[in-house]
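Since every read-out is calculated from the coordinates, none of them should be taken as a lab result. These numbers were taken from a predicted model, which means no experiment stands behind them. Virtual Cβ from ideal backbone geometry, glycine too; neighbours counted across all protein chains shown.
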Amino acid sequence: MSLDKASAKIIAEINETASQFNSTIVIRANSKSFDAKSMLGLAYSILSCKSFKLDIKGPDEAKAKMEMARVFWKHGLPVEVL
């Protein structure tokens with residue numbers, strides 16, 4: 001799959017949302033883990049995976065879990081928050 005304008009927008013929004021939090025936000029997909037604050041990791045996971053798991057740990061994890069789940073579902077990306 002190639003990076004089109006819609007995918008780039010999704011990646012940017014997920015990255016911007018993740019970057020608002022001090023918590024560590026790890027995306028697990030296809031037996032791999034990616035930092036949600038890494039554009040390269042996000043691009044790979046969003047373009048090549050069909051479902052996602054979010055592992056969020058840190059001082060603001062409750063709010064981060066809520067906001068990250070919201071942005072994934074907004075774009076029709078199935079996500080499970082661990």
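Rounded to the nearest 10 degrees, the angle from helix 61-74 to the longest Cα principal axis of the chain is 20 degrees. Label positions at Ser19 and Lys5, each projected 7 Å from the Cα along the C-beta direction, are separated by 2.2 nm. Working from label points 7 Å from Cα in the Cα-to-Cβ sense, the Lys57 to Ser31 distance is 2.3 nm.
Kindly express, to the nearest 10 degrees and within the range 0 to 90, the angle between helix 39-48's C-alpha long axis and the longest C-alpha principal axis of the chain. Tilt of helix 39-48: around 60 degrees. By the scheme Lys and Arg +1, Asp and Glu -1, what is the net charge of all other residues having a beta-carbon under 13 Å from that of Asp55? After counting each charged neighbour, the total is +2. Qualifying trypsin sites (Lys or Arg not before Pro) in the chain, where qualification requires a DSSP coil assignment and no more than 12 other C-beta atoms within 10 Å, comprise Lys50. Between 0 and 90 degrees, the angle of helix 5-19 with respect to the longest Cα principal axis of the chain falls at about 10 degrees. Gain on full extension, evaluated as 0.36 nm per residue between His75 and Met39 minus their Cα-Cα distance, stands at 11.3 nm.
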